[in-house]
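**Student:** Pasting in a structure now, in structure tokens, and then I'll have a few things to ask.
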Amino acid sequence: MSGRISACFESAGKAGQTVLIPFITAGDPHPDWTVSIMHSLVDAGANLLELGVPFSDPAADGPVIQAAGERAIEKQVDLARILQMVETFRLKDATTPVVLMGYLNPVERFGRMQFPAAARKAGVDGLLLVDCPPEERGDLGAAMTAAEIDGICLVAPTTTRGRVERIAAVASGFIYYVSLKGITGSGRLNSQELSQPVQQIREFSDLPIAIGFGIKDAEMATAVAEHADAIVIGSALVEALAEAESKAGACSIATTFVAPVRKALDNTPWTR
């Protein structure tokens, strides 16, 4: 596990705090606003940041995040530019972990063997590639390990017990449990259905478990926090940010969205 990610979860655990992970699409609503939005999220109580890498064919993403990616692509946001954003963010924040979430194609275009070292140099801590399961990482996985970039793995409601065990054996950083069948932002999350699959993951791994997909507000976040070490909020935040007309407005939206979630989580009894 990377130093920043492990320190984040260790610190949160000692404080009895659920790790809050907001997801935003890098470059949306505007590339020049992304770093300021990242700082605003941290100031509002985010523990770890997840930056979505825009891609033209995001199979796991719903219409909100897909539209955000399209807007970012129109503004020429690519992996090289995203690494510049992270590097700029690191000038003022050396501790908050940053994970990039996206698809293999942009990494291939950047250079699969060059990317992990470049990402680490910029200040990236983890990489979650939706369409690149652990057994298909190959030389990319080796390069990630060498660069001390955590390979975040996904587990879904449809993942078999045997495959959970195999994923747990190679995952690092934390394990991301996808709480819903389908794309991001879809469906209605039933927190009562999370106990069994999360417990199954814990049988095979002592890594922290983050739960995402379908968490839209503070109420849902607190319900999920009963089962998870971390919660991820994505589509609802991305949708709110899309309404921003200025950098200041975007930062205000980020703060207004995240602060009540942080407060609600902190007022929820720690059960792990």
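The values are calculated or read from the model by the stated rules, or taken from the named source; none is laboratory data. Here the structure is a predicted model, which means the values were calculated and not measured. Glycine also receives a Cβ, built like all others from the backbone with ideal geometry; neighbour counts cover every protein chain displayed.
**Student:** Can you tell me how many residues in the stretch 80-125 are of a type in the set (S, T, N, Q) and over 17 Å from the mean Cα position of the chain (by Cα)?
**Tutor:** 4
**Student:** Answer yes or no as to whether residue 37 is out of contact with any Pro (no Cβ under 7 Å at 6 or more places or on another chain), modelled with pLDDT of 95 or more, not polar (S, T, N, Q) and not in a loop (DSSP other than H, G, I, E, B). Before you say what the answer is, go through the steps one by one.
**Tutor:** Values: out of contact with any Pro (no Cβ under 7 Å at 6 or more places or on another chain): yes; modelled with pLDDT of 95 or more: yes; not polar (S, T, N, Q): yes; not in a loop (DSSP other than H, G, I, E, B): yes.
For residue 37, the condition - out of contact with any Pro (no Cβ under 7 Å at 6 or more places or on another chain), modelled with pLDDT of 95 or more, not polar (S, T, N, Q) and not in a loop (DSSP other than H, G, I, E, B) - is met.
**Student:** A further question follows. Could you list all residues from the stretch 109-138 that are at pLDDT 95 or above and acidic (Asp, Glu)?
**Tutor:** Scanning the stretch 109-138 gives a single hit, 125.
**Student:** Next question, about the same structure. Go through (1) buried (at least 17 other Cβ atoms within 10 Å of the Cβ); (2) assigned to a loop (DSSP other than H, G, I, E, B); (3) at pLDDT 95 or above and name the single condition residue 58 misses.
**Tutor:** For residue 58, the failing item is (3).
**Student:** Look through the stretch 1-34, keep the residues that are part of a strand (DSSP E or B) and of a type outside the set (Ser, Thr, Tyr), and return whichever of them is farthest from residue 216 (Cα to Cα). Walk me through how you get there before you give the answer.
**Tutor:** Just the residues of the stretch 1-34 that are part of a strand (DSSP E or B), to begin with: 19-25.
Now narrow it down to the ones that are of a type outside the set (Ser, Thr, Tyr): 19-24.
Working: 19: 16, 20: 13, 21: 12, 22: 11, 23: 12, 24: 13 Å.
Taking the candidates together, the pick is 19.
**Student:** Hey, any hits in the stretch 228-235 for a residue that's outside any loop (DSSP other than H, G, I, E, B), buried (at least 17 other Cβ atoms within 10 Å of the Cβ), out of contact with any Leu (no Cβ under 8 Å at 6 or more places or on another chain) and of a type outside the set (S, T, N, Q)? Talk me through it step by step, then tell me what you get.
**Tutor:** Within the stretch 228-235, the subset outside any loop (DSSP other than H, G, I, E, B) is 230-233, 235.
This time we only want the ones that are buried (at least 17 other Cβ atoms within 10 Å of the Cβ), so: 230-233, 235.
Now drop any that are not out of contact with any Leu (no Cβ under 8 Å at 6 or more places or on another chain), which leaves 232, 235.
Narrowing the set further to residues that are of a type outside the set (S, T, N, Q) leaves 232.
Scanning the stretch 228-235 turns up at least one residue that is outside any loop (DSSP other than H, G, I, E, B), buried (at least 17 other Cβ atoms within 10 Å of the Cβ), out of contact with any Leu (no Cβ under 8 Å at 6 or more places or on another chain) and of a type outside the set (S, T, N, Q).
**Student:** Let me ask another. Consider the stretch 242-256. How many of its residues are surrounded by 22 or more Cβ atoms within 10 Å (Cβ to Cβ) and within 18 Å of the chain's Cα centre (by Cα)?
**Tutor:** Filtering the stretch 242-256 for residues surrounded by 22 or more Cβ atoms within 10 Å (Cβ to Cβ) gives 250, 254.
Subsequent filtering for residues that are within 18 Å of the chain's Cα centre (by Cα) retains 254.
Count: 1.
**Student:** Let me ask something additional. Restricting attention to the stretch 237-251, and to residues there that are without any contact (Cβ under 8 Å) to a residue 60 or more places away in the chain and in a helix (DSSP H, G or I), which single residue is farthest from residue 195 (Cα to Cα)?
**Tutor:** 248
**Student:** I would also like to ask the following. Considering 59, 7, 15, 67, which residue is within 20 Å of residue 254 (Cα to Cα) and either among the hydrophobic types (A, V, I, L, M, F, W, C) or out of contact with any strand residue (DSSP E or B) (no Cβ under 7 Å at 6 or more places or on another chain) (or both)? Steps first, please.
**Tutor:** On the way: 59 fails: within 20 Å of residue 254 (Cα to Cα); 7 fails: within 20 Å of residue 254 (Cα to Cα); 15 fails: within 20 Å of residue 254 (Cα to Cα).
One residue alone meets the criteria, 67.
**Student:** Let me ask another. Among helices (runs of 4 or more DSSP H) lying entirely in the stretch 71-186, which contain 2 or more residues that are surrounded by 20 or more Cβ atoms within 10 Å (Cβ to Cβ) and free of Cβ contacts under 8 Å to residues at least 60 places away in the same chain? Explain how you work it out, then say what you get.
**Tutor:** On the way: elements: 79-90, 104-110, 115-122, 139-146, 161-170.
It comes to 79-90, 115-122, 139-146, 161-170.
**Student:** Out of 211, 201, report the one residue that is under 19 Å from the mean Cα position of the chain (by Cα) and in a strand (DSSP E or B). Steps first, answer last, please.
**Tutor:** Values: 201 fails: in a strand (DSSP E or B).
Of 211, 201, the one residue that is under 19 Å from the mean Cα position of the chain (by Cα) and in a strand (DSSP E or B) is 211.
**Student:** Can you name the residue in the stretch 1-22 that is in contact with a helix residue (DSSP H, G or I) (Cβ under 7 Å, 6 or more places away or on another chain) and crowded, with 22+ Cβ neighbours inside 10 Å and, of all such residues, is farthest from residue 80 (Cα to Cα)?
**Tutor:** Initial filter on the stretch 1-22 (in contact with a helix residue (DSSP H, G or I) (Cβ under 7 Å, 6 or more places away or on another chain)): 17-20, 22.
This time we only want the ones that are crowded, with 22+ Cβ neighbours inside 10 Å, so: 18-20, 22.
On the way: 18: 32, 19: 28, 20: 26, 22: 22 Å.
Once the filter is applied, the top-ranked residue is 18.
**Student:** Here is a further query. Residue 51 versus (1) closer than 17 Å to residue 250 by Cα; (2) part of a helix (DSSP H, G or I): which is the lone unmet condition?
**Tutor:** Here residue 51 clears every test but (2).
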